[in-house]
Structure formats: C-alpha cells, structure tokens
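Structure record follows, encoded as structure tokens.
The values are calculated or read from the model by the stated rules, or taken from the named source; none is laboratory data. Keep in mind it's a predicted model, so treat the numbers as computed, not measured. Every residue, glycine as well, gets a Cβ built from its backbone with ideal geometry; the counts of neighbours run over all protein chains shown. We work out accessible area using only protein heavy atoms, side chains counted, and drop any ligands, DNA or RNA first. Shrake-Rupley method; radii C 1.70, N 1.55, O 1.52, S 1.80 Å.
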Amino acid sequence: MGGVEDEEPALKRMKLSSKGLVGLSNGSSSVEPVGGSSSDLMARPLSSEGDDEVIGSKGVIKREEFVRIITKALYSLGYKKSGARLEEESGIPLHASLVNLFMQQILDGHWDESIVTLNKIGLVDENVIQAASFLILEQKFFELLDGEKLMDALRTLRTEITPLCSDSSRIRELSSCMLSPCGQAGSSKRDVVQVRSRSKLLEELQKLLPPTVLIPEKRLEHLVEQALILQREACLFHNSLDKEMSLYSDHHCGKTQIPSRTLQILEAHDDEVWYVQFSHNGKYLASASNDRSAIIWEVDMNGGLSIKHKLSGHQKAVSSVSWSPNDQELLTCGVEEAVRRWDVSTGKCLQVYEKNGPGLVSCAWFPSGKYILSGLSDKSICMWDLDGKEVESWKGQRTLKISDLEITGNGEHILSICKDTTILFFNKETKDERFIEEDQTITSFSLSKDSRFLLVNLLNQEIHLWNVEGDPKLVGKYKSHKRSRFVIRSCFGGLKQSFIASGSEDSQVYIWHRSSGDLIEALPGHSGAVNCVSWNPANPHMLASASDDRTIRIWGLKRLNVKYPNVRSNGVHYCNGGELR
C-alpha cells in the first residue's frame, strides 16, 4: 500500500506512512479660512466644559474628542459650512485660537510670527518645537531663494537655521542650493529648490505636533478602517472582497463564503488521482494520476471545468505537476522516472529531463521561468535549463525519494525534505543551509504565496504552520484529518490565503481557519482517500480535491444555483508526448 516503512516506492503510488485647514492633502497652494469662528483669532483655551463627559454604551469615548474628530472629517470632505455649524452648535472648537492663528500665519507666509505663536501654544517637548521651527525656517529659506532674495536667504540660513540644525549634511545641502547656477539650459533655480506648497508644510507640521493640538488628517477614516479590519480579522469565515463590507452593520460572513458544495465531478482519469494544482492565474487545473497521465483542465467564464489536454508519455505513474510562472507551460514528474515539460496551449511535449541511473522524483520552476529544478532518487538536486542541459547539481543528503520541492519567490532558497524529520532551506548562491526540525516524520509541505510561511504535514496526523522569515518559528497547528499510510497534501487558500485545506484518508476534505486553527468544515463526498487539494488563487470560492476514487471534485459556494456536468474522458483529445523519446 505504499507504507512509510517501505524502502522502495510501491507501484501503487508515491505515498507515505496568517473648522480646520481645508484640503491639506490635495497639494493645493490656495489658502482656505482656518477653523473656529473666522472672527476669533485671539488666543483662548479649548472649552473645559464637559471635559469629563463620555458617550457610548461602554463609556470610553470622550465627547469633546469625538466632536472634534467629526468636525475635522467634515472640513476634510469639503463640508465647510457643516463643520463651522458643528463648532458653533457644540461649543467645541476644532482648534484652539492660538492654533488657528498659527495655521493662518503659515498659510500667509508670516514665518517669524508663526514661530512666536508656536512657542505660545504650550508644547512641552522642546525637541518638537525645534523640529517644527526648522521646517518653518526651511520653507522661508526656499521661498526667499525662489524669489531671488539671495542675501535674505543667506541671512536666514546663517542666523536662524544653522543654530537650530545639528545635521551638518543638511546645512550643506541647503547651502548648495544657493550655489547652483541659474539660467542654464534645462536648469532653473526652481528645479533645484523645488519649493513645496504651504499646505504641504502644514501636513509636515501636523505629523510633528501632538494630535491634541492638530488632529491628524483623515483620523475618522483611520478609526473606521481599524474597526472594519478588526471585524474582518475576527470573522472566522471571511472569504469575500473587502468592498463588500458595510458600515451599516457589523461584519459577519457565515459559512456561505466557504466552498463546501460539490459543483462538478471530473472523472477522466482511469486510476487514483494523486495530485492537483491550479495555475497561478486560476484559468487552468492540472491533475496527475496513477494511470500514467496528467490532464490540463480549463476553467470557463462561469466556473465550469472541461478537458483541454490529456498528456500521455510517462512510463510510470505521474506523482506531481508544476506550473511555469507565466502559466504557459507545465512540468509533470513520473515516479522515479523523468520530468516532462509541456506546452499548455497545444498539449505538445517540449522537453524530457532525465539522467542515467537515478530517477527524478520531484520538480519545480525557478521564478524567472528560465530553469527547472528536480530532486533525484540518489538524494541529490539538479538544475536544468529549458533545453535539458544540466546547469548545476547539489549532491549529498539534499532530498528524499519521496519529497516535495519548492523555491522561494526571490529564487534564492530551495526547500526539500532532506531527512525524515527535517526540511532543508538551501541558498543556491551562498550554499548556506537552514533547517526546520520536527519531532515526527514529514510527509509533505507547501510554501505560501509570499514565501513567508510553510505548511508541513506530519506522520502523526498534524499539520504545522511555520513562519520562515529569519529563524523559523512554529506558529500554528491543525488537527482532525486522518493519515496513516499515504502521502496527504494540504494547501493555503481563500482570500489572502486565510484558510488551510487538506485531504484525508477518511475520504473527506478538511478546512481550518488559518489564524485561529479552528476547524471550519469537513466535506464528505469522495469514496476514497483524498490525496491532494488545491485552492484556486484567482477565485477564493473554488477548491479542487483529488482522490483514490479516480475523481476530482470541484467545490464551490452552497448558495450558487449552478451545478456543472460531470466530465469523463470520452471523445477527449490525447496528447502523446512519447514522440520525443
């Protein structure tokens, strides 16, 4: 049956026992009236009435802060009259009078007066005052240069900016602006100086000053986004686009967003189906079988699958497939035999990769699409160019006879099972090696789309999630599926790869929530062990599973009022790749 203890692979198959400044952000240099009553530019403190008032059922929202943030949002959205009306009716000004005066002085270019006002606002941190003063004086310097007032600019640089700035390199940069020639072809002082608008200066000052003094731009939007994101992350079944979320009600998806209904059964293989994988663009599905064939399935506009090509030519069972980065070609690997490269559009075999002696046991593409990688039965790993020339080989204990093979998205690291309980991270350039050590025998693994996480299937019926950025860290465990004799594969999937799916020897497909580890679904339907699953990367509502019952099931949403016809191999065009041999 292909048990773990078998030294030689069984013929059956290769199987084993994550009112303020208006239009600040639009880059406009036009001046809008600043908040508060337009006639009130004298210094006065913020209203202290109701400082202790809170609103909301939890008693954690301060009324004054709440009103000020709403007022700020109204002005930012262009509702100036509404913002002014809210200030007047609530008696809560958006900004203190001194702050309004400061902002108006910035917009009017009254630099010296603005620095005097800045020091009266009541800021405690001297570093903030100094940094804000520097930004103001730098703007003054640039505008003097832009106006060809070189002596005034020089005076500002020497007597005002230099005493404030401890960064000598910045002083040199400002000095170089004065020495840059004017009037040369393709050059002007404006090009060198690149004066920012005064509204942009206010944006920079806003980042420096405490939020109690100047409320940050888009603060209300930021708070609402935070609330939506928290709701999304707390939703166990979230698998829909964010644009479908609404402010009108709390977000909750429900199981209806999880593919849990069989929409189609694909029956074109004549023996057990061991492997399935969707293409990167989600337009195709490839399957590999013990019947010594692979099939390319095409996904139509309505989500139905039909046979595009049946690929024949392997002399032994086909154990795995791998899509090229551009999805135009496909690799298929026979059990300790050869790797074949196919043209997806025509079904023609383009190249056969093999070596005298050891058989090939795994295959993968480099991200560039110019090279392929294969594990060999002698435990080495070999790299080939597309024409079949061996480019490089890494010998020693690099892989096992039964091992998955992955390459990180940047093409730097090769991943393989080098010992029963160890996954090797091998840097092909530096030859550095890192390892993930497990306590149990590793049967398969899968790398996340961003190459940051690794899903590891173990002999003890557990799936482990590892964060492989830097030093590997175990961050999740998934249980409940059954595995005792065969290689069972799992995958990442769903929107933002928020779910984990796995096959199982009890004929079911298991789905967990990735972050919480909670089991969401156990899907019945197959009549034999489910060997492999693949989630469509372009459609979070489509999942494929391959089984010993010789079928592939396509899973979708229960609420879909569609069921596609089952597909058999009758009348199918068979592509014979044996001609190249």
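Quick check: is even one residue across segment 213-228 modelled with pLDDT of 85 or more and on the phi > 0 side of the Ramachandran plot? I'd like the intermediate steps shown before the answer.
Taking segment 213-228 as the starting set, the residues that turn out to be modelled with pLDDT of 85 or more are 213-228.
Next cut, on the phi > 0 side of the Ramachandran plot only: 218.
Looking through segment 213-228, at least one residue is modelled with pLDDT of 85 or more and on the phi > 0 side of the Ramachandran plot.
In segment 495-540, which residues are within 20 Å of residue 476 (Cα to Cα) and assigned to a loop (DSSP other than H, G, I, E, B)?
Selection gives 498, 503, 504, 514, 515, 516, 517, 518.
Restricting to segment 75-97, count the residues that are hydrophobic (A, V, I, L, M, F, W, C), open to solvent by 40 Å² or more (accessible area, probe 1.4 Å) and in a helix (DSSP H, G or I).
Our first condition is that a residue be hydrophobic (A, V, I, L, M, F, W, C); within segment 75-97, this holds for 77, 84, 86, 92, 94, 96.
This time we only want the ones that are open to solvent by 40 Å² or more (accessible area, probe 1.4 Å), so: 77, 86.
Of the ones still in play, those that are also in a helix (DSSP H, G or I) are 86.
Number of matching residues: 1.
Which of (1) farther than 30 Å from residue 65 by Cα; (2) open to solvent by 20 Å² or more (accessible area, probe 1.4 Å); (3) at pLDDT 90 or above does residue 157 not meet, given it meets every other one?
Residue 157 satisfies every listed condition except (2).
Name the one entry in 199, 249, 176 that is loosely packed, with under 12 Cβ neighbours inside 10 Å, at pLDDT 85 or above and closer than 30 Å to residue 140 by Cβ. Reasoning before the result, please.
Working: 199 fails: loosely packed, with under 12 Cβ neighbours inside 10 Å; 249 fails: closer than 30 Å to residue 140 by Cβ.
Residue meeting the stated conditions: 176.
Among the residues that make up segment 470-482, is at least one of them of a type in the set (Val, Ile, Thr) and either under 20 Å from the mean Cα position of the chain (by Cα) or on the phi > 0 side of the Ramachandran plot (or both)? Write out each step before concluding.
Within segment 470-482, the first condition is being of a type in the set (Val, Ile, Thr), and the residues that meet it are 475.
Adding the requirement that they be either under 20 Å from the mean Cα position of the chain (by Cα) or on the phi > 0 side of the Ramachandran plot (or both) leaves 475.
Yes, the conditions are met somewhere in segment 470-482.
Name the one entry in 224, 276 that is more than 20 Å from residue 520 (Cβ to Cβ), in contact with a strand residue (DSSP E or B) (Cβ under 8 Å, 6 or more places away or on another chain) and β-branched (Val, Ile, Thr). Write out each step before concluding.
Numbers: 224 fails: in contact with a strand residue (DSSP E or B) (Cβ under 8 Å, 6 or more places away or on another chain).
Checking each option against the conditions leaves just 276.
Any residue at all in segment 119-126 that is buried (at least 17 other Cβ atoms within 10 Å of the Cβ) and hydrophobic (A, V, I, L, M, F, W, C)?
Taking every residue of segment 119-126 in turn, at least one turns out to be buried (at least 17 other Cβ atoms within 10 Å of the Cβ) and hydrophobic (A, V, I, L, M, F, W, C).
I need every pair where a residue in segment 468-488 that is farther than 21 Å from residue 275 by Cα has its Cβ under 9 Å from the Cβ of a residue that is in a loop (DSSP other than H, G, I, E, B) and of a type in the set (A, V, I, L, M, F, W, C), sequence separation at least 6 or different chains.
Listed by first residue and then by second, the contacts come to nothing, as the list is empty.
When you check residue 257 against the structure, is it open to solvent by less than 10 Å² (accessible area, probe 1.4 Å) and of a type in the set (S, T, N, Q), yes or no?
Values: open to solvent by less than 10 Å² (accessible area, probe 1.4 Å): no; of a type in the set (S, T, N, Q): yes.
So residue 257 does not fit the description; no.
With the structure loaded, tell me whether residue 502 is at pLDDT 95 or above, of a type outside the set (A, V, I, L, M, F, W, C), touching a strand residue (DSSP E or B) at 6+ places or on another chain (Cβ under 9 Å) and within 30 Å of residue 242 (Cβ to Cβ) or whether it fails that test. Before the answer, list the steps.
Values: at pLDDT 95 or above: yes; of a type outside the set (A, V, I, L, M, F, W, C): yes; touching a strand residue (DSSP E or B) at 6+ places or on another chain (Cβ under 9 Å): yes; within 30 Å of residue 242 (Cβ to Cβ): yes.
Against the criterion (at pLDDT 95 or above, of a type outside the set (A, V, I, L, M, F, W, C), touching a strand residue (DSSP E or B) at 6+ places or on another chain (Cβ under 9 Å) and within 30 Å of residue 242 (Cβ to Cβ)), residue 502 qualifies.
Given the criterion under 26 Å from residue 311 (Cα atoms) and of a type in the set (A, V, I, L, M), identify the matching residue among 405, 415, 400, 424. Step through it out loud before you land on a result.
Values: 415 fails: under 26 Å from residue 311 (Cα atoms); 400 fails: under 26 Å from residue 311 (Cα atoms); 424 fails: under 26 Å from residue 311 (Cα atoms).
So the residue among 405, 415, 400, 424 that is under 26 Å from residue 311 (Cα atoms) and of a type in the set (A, V, I, L, M) is 405.
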